[in-house]
Amino acid sequence: MAILPTNKLATKDLTNHHIKTVTVISNNYYIGFFQNYNSGSISLYLTNTGSLNISYTVEVLGVGYYTSGTISGTGSKIVSLSSILITGSYNDQNKGICLKTNSTNVVVIGQNDASRSSDTFLALPTVRMFSTHYIYYGISVSSGVSYYDNVVLIVGTENNTMMNLTVTQSVNVKINDTVSSLTSGSQYSFIVNRLQTVYIGSSSDLTGTRIITDKPVSVFSGHQCGYVLSLSSSYCDHLIEQIPPTTYWGKTYYIAPLQGRSVYIIRVLAAYNSTEVFMDCNNVKNSYTINAGNSFTVTYQIYCAIHSNKEILVAQYSTGDPMMMLVPATIYYNDEINLSTTSSGYNDYINIIVLKEYYQPSMMYWITGGVKRSLQSQSWNTITFNQVTEAYYTQLSVSNGPVTIMHTTTNALMSAVVYGFVYDRAYGHPGGFSVQKKIQG
């Protein structure tokens, strides 16, 4: 299932001008993997959410790599990729990966897994908007070992893509065999082609690095091996997510705590200036005002409800052996969510959040291994904002493999994230976002 709405007419405020855009979804995924702390193995987890077989191809023109295969109806497949496809530094320019499928009924998860460091991301299909530009921002963590990079990795999806880049740290980038030294806060323009990769790496935080393009690109952001909380109370781990363009960020988010962790971290990033963010987390209220590309980080123990007046991006981080995952905004809630855990050996969990008006546990169930199981007996907890219940959440312990969460009411709105922990490693990513129910904010 694709992440973004197809054939929708939307009005959004981009750089202070209202423009109308028409969104078209393709069956192409442009993917990049950046270096783990000790290389690691990279894989794509493909889950078929329909009943018909799906064919796929994977190509990397820059290194002459190609493979293809078929995913059986309602089945899944692991596509192991060569480590030569990992972008290790700004010297690697042509390691963009193109995954093509003949159906949108597929969930694509990428994983970079090393012996003591791992994370996953939900891959997003290419989105073509008939508009003048696309805006993306990097998001990462503020702490790490000096010899591991915060990373923003850009993968071109079309030839002759004009890119304006503003970085938050002074870095070197290499484009078309030319190395450029970029100064923090200054804007630079480049041309990027299909499957070309642009690696931006720094020992300092790259959150807020801005990419503006005239054609869609894929942006991956995180850390080669970053710390969450202090170095003395955590371990470094690989962190990565694919970042959608700001047009598809949201204004309302609900967050549940992580099973097996006493606290978690939230990072909120603004798409526009004068963004007001209101948070009610376990009845503790806070408000913030931030500008485009700015962010703040907070620590919480239980649930969290977030409302804003303009679009924001929200990432949730685990502590201990950390991971990073984007939180679905309510505009992407749906009555059916397809998820997939990754490699075996983890303790795997799913957090489910359902809006109050659709809280009917007897009408909700989950399917794993082909077996349908009720959610009625689950322990459900409330999420309140200003002492008013707005949603409910529960946590599932699941076995390895694909999982489907369903509501018998076809217009129900709920979301889910999947994550897992094992000694020295962790992973996390959101469930498939709705392709049909993007609500205009």
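The values are calculated or read from the model by the stated rules, or taken from the named source; none is laboratory data. A quick note: this is a predicted structure, and the numbers were derived from the prediction, not measured. Backbone-built Cβ (ideal geometry, glycine too); neighbour counts: all protein chains shown.
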Considering region 29-49, residues that are assigned to a loop (DSSP other than H, G, I, E, B) and more than 17 Å from the chain's Cα centre (by Cα), and then whichever is nearest to Asp237 (Cα to Cα), we arrive at Tyr37
Those residues of region 56-76 which are assigned to a strand (DSSP E or B), of a type outside the set (Gly, Ala, Ser) and touching a residue at least 12 places away in the same chain (Cβ under 8 Å) amount to Tyr56, Thr57, Val58, Glu59, Val60, Tyr65, Thr67, Thr70, Ile71
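When you look at Ile331, is it under 28 Å from Val298 (Cα atoms) and in a strand (DSSP E or B), yes or no?
no
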The strands (runs of 3 or more DSSP E) lying wholly within region 152-201 that contain at least 2 residues that are within 15 Å of Val217 (Cβ to Cβ) and touching a residue at least 60 places away in the same chain (Cβ under 8 Å) are 171-175
Leu85 fails exactly one of (1) touching a Gly at 6+ places or on another chain (Cβ under 7 Å); (2) under 27 Å from Asp348 (Cβ atoms); (3) of a type outside the set (Val, Ile, Thr); (4) free of Cβ contacts under 8 Å to residues at least 60 places away in the same chain, namely (1)
Filter region 244-289 for residues that are part of a strand (DSSP E or B) and of a type in the set (D, E, K, R); the one that is farthest from the chain's Cα centre (by Cα) is Lys285
Within region 312-347, the residues that are more than 28 Å from Tyr358 (Cβ to Cβ) and of a type in the set (Asp, Glu) are Asp321
Yes or no: Gly208 at positive phi and either in contact (Cβ under 8 Å) with a residue 24 or more places away in the chain or not in a strand (DSSP E or B) (or both)?
yes
Restricted to region 267-291 and to residues being touching a residue at least 60 places away in the same chain (Cβ under 8 Å) and surrounded by 20 or more Cβ atoms within 10 Å (Cβ to Cβ), the residue farthest from Ile243 (Cα to Cα) is Asp280
Within region 395-421, restricting to residues that are of a type in the set (Val, Ile, Thr) and assigned to a strand (DSSP E or B), the one that is farthest from the chain's Cα centre (by Cα) is Val398
Apart from one, (1) at pLDDT below 95; (2) closer than 21 Å to Tyr393 by Cα; (3) out of contact with any Ser or Thr (no Cβ under 6 Å at 6 or more places or on another chain) all hold for Tyr253; the odd one out is (1)
